[in-house]
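Following: one structure in structure tokens, then a few remarks.
The values are calculated or read from the model by the stated rules, or taken from the named source; none is laboratory data. Note that the structure is predicted; figures quoted are calculated from it, not measured. Glycine gets a Cβ as well: all are built from the backbone with ideal geometry, and neighbour counts include every protein chain shown. These area figures cover heavy atoms from the full protein model, side chains too; ligands, DNA and RNA do not enter into them. Shrake-Rupley method; radii C 1.70, N 1.55, O 1.52, S 1.80 Å.
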Amino acid sequence: MKNRLIVALDTDDGEEIDWVTDMLWNKVSWVKIGFQAYTTVGDDIFPWMRERKFKTFLDLKFHDIPNTVARDVGTMTKHGANMINMHTSGGFDMMQAARISAKEAAKEARITRPKLLGVTILTSIDEQGFQSNFGSERELTEQVVFLATQAKEAGLDGVVASPLEIEPVRKACGDKFLIVTPGIRPKWAEMGDQRRTTTPAEAINRGADYIVVGRPIIEDDDPSEAAERILDEMKGM
Ligand code: C5P
């Protein structure tokens, strides 16, 4: 389970990143780097995390014209990010361009191509929020499945989706398509702004490949112990 828990380093405090990752390096394999951590540390975050034996999920949620996103993804591939995401709503051509660029950049740098993920609908948005924000004819789950199918056809490796959408996405996109789920809340943790949530055990049972957990771990007084509790829950203990 160690390989399937991704800890979101959502902080702009370099010392906190140091402290949390120092406590977690032998417990979990993945960290997620968002805007805060990336702008605080810069590109040095990649060798730093590699030194601590972490794989990095770069969560900058690219969303731009195909040429720009392709360049962004190519650059970050060369820096050694192991997973990179973009908004599926950026469109089919954008996702396809990103995939081609990642492949070329990885070949050039002689490294493994990062996994590319599409963000579907943010887990902080519920059905009501979806209807009022997006004015879509579809229901939220239908829209998530539609976006996941687009991502798959464009050549992405998987999607970021709520644990509540794992089953329909699996059905539409198959077993090899990666499903990464934030919106994870152990029973003992606060909900915060998340809306479409499940517990770690439920997300794993529903078939998530990876779960992303931020605040319940990094805001705990003992991140190492919080991570252990979550890993136990993932194992169904
Ligand atoms: O603190 P928490 O566990 O809610 O962190 C979840 C992380 O996953 C955050 O970094 C958030 O930006 C990210 N995320 C999300 N929902 C998505 C995509 C990413 O919560 N659909």
(request) Collect the residues in the range 194-237 that are outside any loop (DSSP other than H, G, I, E, B), surrounded by fewer than 23 Cβ atoms within 10 Å (Cβ to Cβ), of a type in the set (S, T, Y) and in contact with a strand residue (DSSP E or B) (Cβ under 8 Å, 6 or more places away or on another chain), keeping them in residue-number order. (result) T198
(request) Can you give me the number of residues within the range 180-193 that are open to solvent by 20 Å² or more (accessible area, probe 1.4 Å) and under 15 Å from the mean Cα position of the chain (by Cα)? (result) 1
(request) Confirm whether E142 is within 21 Å of P114 (Cβ to Cβ) and more than 13 Å from the ligand (Cβ to nearest atom). (result) no
(message) Just checking, does the range 88-101 include any residue being of a type in the set (A, V, I, L, M, F, W, C), modelled with pLDDT of 95 or more and under 20 Å from V31 (Cβ atoms)?
(response) no
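Within 12 Å of the ligand (Cβ to nearest atom) and open to solvent by less than 20 Å² (accessible area, probe 1.4 Å) - does that describe any residue in the range 169-178? Give the derivation first.
From the range 169-178, those within 12 Å of the ligand (Cβ to nearest atom) are none; that's our starting set.
No, there is no match, as no residue in the range 169-178 is within 12 Å of the ligand (Cβ to nearest atom) and open to solvent by less than 20 Å² (accessible area, probe 1.4 Å).
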(request) Output the residues belonging to the range 106-139 that are out of contact with any strand residue (DSSP E or B) (no Cβ under 8 Å at 6 or more places or on another chain), touching a residue at least 24 places away in the same chain (Cβ under 8 Å), within 18 Å of P182 (Cβ to Cβ) and not polar (S, T, N, Q). (result) I121, I125, D126, G129
(message) Among the residues in the range 153-167, are any farther than 19 Å from D43 by Cβ, hydroxyl-bearing (S, T, Y), surrounded by 15 or more Cβ atoms within 10 Å (Cβ to Cβ) and modelled with pLDDT under 95?
(response) yes
(request) Pairs only if they're at least six apart or on different chains, beta carbon under 7 angstrom, first in the range 17-40 and on the phi < 0 side of the Ramachandran plot, second of a type outside the set (D, E, K, R) and surrounded by fewer than 16 Cβ atoms within 10 Å (Cβ to Cβ); list them, first residue then second. (result) S29/N3; T40/G14
(message) Anything in the range 102-120 that is open to solvent by 80 Å² or more (accessible area, probe 1.4 Å) and under 21 Å from G34 (Cα atoms)? List them, or say none.
(response) K115
(request) Specify the residue that is farthest from I166 (Cα to Cα); the eligible residues are those in the range 125-151 that are open to solvent by less than 50 Å² (accessible area, probe 1.4 Å) and in a loop (DSSP other than H, G, I, E, B). (result) S136
